[in-house]
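Okay, so here's the structure we're looking at.
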Amino acid sequence: MAFQCQRDCYMKEFTTSVVSCCPAELKQEVNGKKETLKGFNVKLQDTILFPEGGGQVSWNHTPPFLFLHQPDDHGLIGDVPVLRVTRQGPDAIHFLSSLLEVGQEVHVKVDWERRFDHMQQHSGQHLITALADTFFGFKTTSWELGRQRSTIELDTPSVKPAQLQALEEAVNEKIREHVPVSVQLLSIDDPAVEKVRSRGLPEDHAGPIRIVDIEGIDANMCCGTHVSNLSHLQVIKLLGTEKGKKNKTNLIFLAGNRVLKYAEKSYSIERSLVSLLKTGPDEHVEAVDKLQKSVKLLQKTNLSLLRDMAVLIAQNFNNDPQKGNFFSLHKKEGDNEFMNIIANEINTEETLVFLTVGEEKGPGLFVLAGPCGLVAEMGPRVLEILQGKGAGKNGRFQGKANSLARRGEVEAFLQQNFKHHTSEEE
């Protein structure tokens, strides 16, 4: 069957009834963490919420191609958010956190901004795919409707800049011609089905075949949501291409409202750069290039100064008559080379050296250098105190510290054990 969302993609609200409601679980990722939510799977008499599990555009070419599905709609049933909609055979299953009574009448409302965005991207993809094939013979092998941008995988190793420009001009010309987009429902044995492009039907398909027809341009089997006229796409921007897998090219595009949001975001960034760089937009690239060269020069100078400083620090310790046999230093700025230069300049066969760089109470780097046996013995405990990772050999133990907040504790441990080790030798 065709759902109400497929019969009328522009319907925003709908009243229907509950057919079934069963306890269920939904696995999803929230802020990078996987969670399992308990709720209910609800089947309605009909729905305006498009279920994930369909919507692919497809070609009857070999080898078989991979097509990613159109994402599901978001919305409300009553005042309860619908967290997921999936297709199971002829049914759309809505996952909710609340129980609904079987037979009760419910009001369904679609998240229109999300729905219309999907309609624009999906119809835009059909249009780009058709014209890329017509103009240049580039076959579409898959596509992805992303959250911020969409990607069409073309079966070609490259797309020339002139071809990309010509394709963008062509798709926008069709938008300006306000070409109608219609949907037909055909029986599976209708001869017309053989004339449209398809990758075949899913195993659990039931009911009529749905054909999306862009008048005079393309006709495809597709169960996704689409605009009724190309003018509703507003505009399409081809952002560029990237190297794809297996000698293919990924074409990145935006359609409709996404282009407007992209332009707004780009203009906001441009204004910020004008303020920061004190130059007009046309001079931004040159200004950033100059800044990068200045930063590289400063980094080189800073590295040279750090090396000189490391040598001086070690020399001052070596020339101090009261130096003792334990040297400890922390410096916010520095790296492994800075610490190793100091350790190399000090006689670590007689002196225990503990060096750290980084934030005083944050992450950083450390080096422990001294008599081989002693360093090998104390290194693991230093790692444990600093909550770090590292390894050592030949009288040197070094690594990363998750926290330098307990640096003082390490110093006390080292001094106590080194003093005990020295007294035993005497």
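The values are calculated or read from the model by the stated rules, or taken from the named source; none is laboratory data. The structure displayed is predicted, hence computed values, not measured ones. Because the Cβ atoms are built from the backbone with ideal geometry, glycine has one as well, and the counts that use them run over all protein chains shown.
Can you tell me which residues in region 228-242 are crowded, with 16+ Cβ neighbours inside 10 Å and out of contact with any strand residue (DSSP E or B) (no Cβ under 8 Å at 6 or more places or on another chain)? The one that is crowded, with 16+ Cβ neighbours inside 10 Å and out of contact with any strand residue (DSSP E or B) (no Cβ under 8 Å at 6 or more places or on another chain): 232. Scanning region 66-91 for residues that are among the aliphatic types (A, V, I, L, M), at pLDDT below 95 and either closer than 19 Å to residue 119 by Cβ or outside the structural domain of residue 40 (by TED's automatic domain parsing) (or both) gives a single hit, 68. If the condition is being part of a strand (DSSP E or B) and within 13 Å of residue 148 (Cβ to Cβ), then region 245-266 contributes 252, 253, 254, 255. Residue-level check: of (1) closer than 17 Å to residue 317 by Cβ; (2) at pLDDT 90 or above, residue 381 misses just (1).
Within region 322-343, the set of residues being modelled with pLDDT of 90 or more and farther than 23 Å from residue 417 by Cβ comprises 331, 332, 335, 336, 337, 338, 341. Residues that are under 30 Å from the mean Cα position of the chain (by Cα) and buried (at least 18 other Cβ atoms within 10 Å of the Cβ) within region 7-39 comprise 9, 39, listed in sequence order. Considering region 138-175, and only residues there that are small (Gly, Ala, Ser) and free of Cβ contacts under 8 Å to residues at least 12 places away in the same chain, the residue that is surrounded by the fewest Cβ atoms within 10 Å (Cβ to Cβ) turns out to be 162. For region 71-105, the set of residues classified as surrounded by 14 or more Cβ atoms within 10 Å (Cβ to Cβ), in a strand (DSSP E or B), touching a strand residue (DSSP E or B) at 6+ places or on another chain (Cβ under 6 Å) and not hydrophobic (A, V, I, L, M, F, W, C) consists of 75, 84, 86, 91, 94, listed by residue number. Of the numbered criteria (1) under 28 Å from the mean Cα position of the chain (by Cα); (2) modelled with pLDDT of 95 or more, the one residue 224 fails is (2).
Residue by residue, here is whether (1) without any contact (Cβ under 8 Å) to a residue 40 or more places away in the chain; (2) more than 30 Å from residue 301 (Cα to Cα); (3) of a type outside the set (Lys, Arg) holds:
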residue	(1), (2), (3)
354	no, no, yes
362	no, no, yes
373	yes, yes, yes
396	no, no, no
416	yes, yes, yes
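Kindly indicate whether any position in region 271-287 is without any contact (Cβ under 8 Å) to a residue 60 or more places away in the chain, surrounded by 11 or more Cβ atoms within 10 Å (Cβ to Cβ), under 30 Å from residue 122 (Cβ atoms) and not basic (Lys, Arg). No, that holds for no residue. Here residue 133 passes the criteria (1) closer than 16 Å to residue 244 by Cα; (2) at pLDDT 95 or above except the one numbered (1). Among the residues making up region 384-405, those that are of a type in the set (A, V, I, L, M, F, W, C) and more than 19 Å from residue 334 (Cβ to Cβ) are 385, 391. Among the residues of region 313-320, is any of a type outside the set (Lys, Arg) and outside any helix (DSSP H, G or I)? Checked against the condition, which is being of a type outside the set (Lys, Arg) and outside any helix (DSSP H, G or I), region 313-320 yields at least one hit. Of all the numbered requirements in (1) in contact with a strand residue (DSSP E or B) (Cβ under 8 Å, 6 or more places away or on another chain); (2) over 16 Å from residue 411 (Cα atoms); (3) surrounded by 20 or more Cβ atoms within 10 Å (Cβ to Cβ), residue 310 misses one, and that requirement is (1).
When region 77-126 is filtered for residues that are basic (Lys, Arg) and under 22 Å from the mean Cα position of the chain (by Cα), the ones remaining, listed by number, are 84, 114, 115.
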